[in-house]
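The values are calculated or read from the model by the stated rules, or taken from the named source; none is laboratory data. In this text the structure is predicted, and so the values were computed from the model without any measurement. Cβ sites come from the backbone with ideal geometry, for glycine too, and all protein chains shown count toward neighbours. Calculation scope for accessible area: heavy atoms of the full protein, side chains included, ligands and nucleic acids excluded. Shrake-Rupley method; radii C 1.70, N 1.55, O 1.52, S 1.80 Å.
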Amino acid sequence: MIRRFSSRREHLAESFLKERLSGAKSYDRIAGYFSSSILEVAGENLDSIEGPIRIVCNSQLDERDVRTAQAAKTSMRREWCDTEPEKRDGPLAAKRYARLYEYLKSGRISIRVLPDSVFGLIHGKAGVITKSDGSKTAFMGSVNESVHGWRLNYELIWEDDSPEAVQWVQE
């Protein structure tokens, strides 16, 4: 069944993202832009996902998210902490960076960054969520994986749970 969502009519983070991710088995996402601010939107829901969380995005990333990812990759938490992001960005951001660090270090979230110079700009935004019962739903629209995308901007989502749509988006 096809369902349409608009941030003019409802809060997309609440009516779509959180509801779909709650208790999900996995989450695959392609978004032009990724920011750890998504953890402020759906961190608890991401915590509840049993399986993999895989994100593909552009190389246009927040420098602080990149430093956090590098620290997680090389297990250099001390180096990351020495930059004192919590003092620079405030307590909410500090929790977000710590959570992102743990997600990346544990392998719970996998983020693949595709450089514009090799692949061109990733502008499409889509995802597949596997629900707790094994069924899947696909979505696409204008929403990037960030707090601005899910809570502030004017955005649209088109959801389709047909097997054909899920397969197409997954490919």
Which residues' amide hydrogens lie under 5 Å from the amide hydrogen of Lys125, considering only partners 5 or more residues apart or on another chain, with H built in the peptide plane? Gly141
Compute the distance in nm between two label points, each set 7 Å from the Cα along the Cα-to-Cβ direction, one at Leu156 and one at Asp47. 3.6 nm
When the accessible area of segment 91-161 is split by element with a 1.4 Å probe, what percent falls to carbon and sulfur? 59 percent
Non-local residues with an amide H under 5 Å from the amide H of Lys136, with H modelled 1.01 Å from N and Pro and chain starts lacking one, are Lys131
Filter on Lys25/Lys136; Lys18/Lys131; Lys18/Lys136; Lys95/Lys125 - keep pairs with C-alpha separation over 19 Å: Lys95/Lys125
Whether segment 108-155 is rounded, prolate or oblate, judged on the alpha carbon gyration tensor where a/c under 1.5 counts as rounded: oblate
Interchain or sequence-distant (5+) residues whose placed amide H lies within less than 5 Å of the amide H of Ser26 are Gly51, Thr130
Calculated FRET efficiency, Arg108 and Asp133, Cβ-Cβ r, R0 25 Å, to nearest 0.05? 0.70
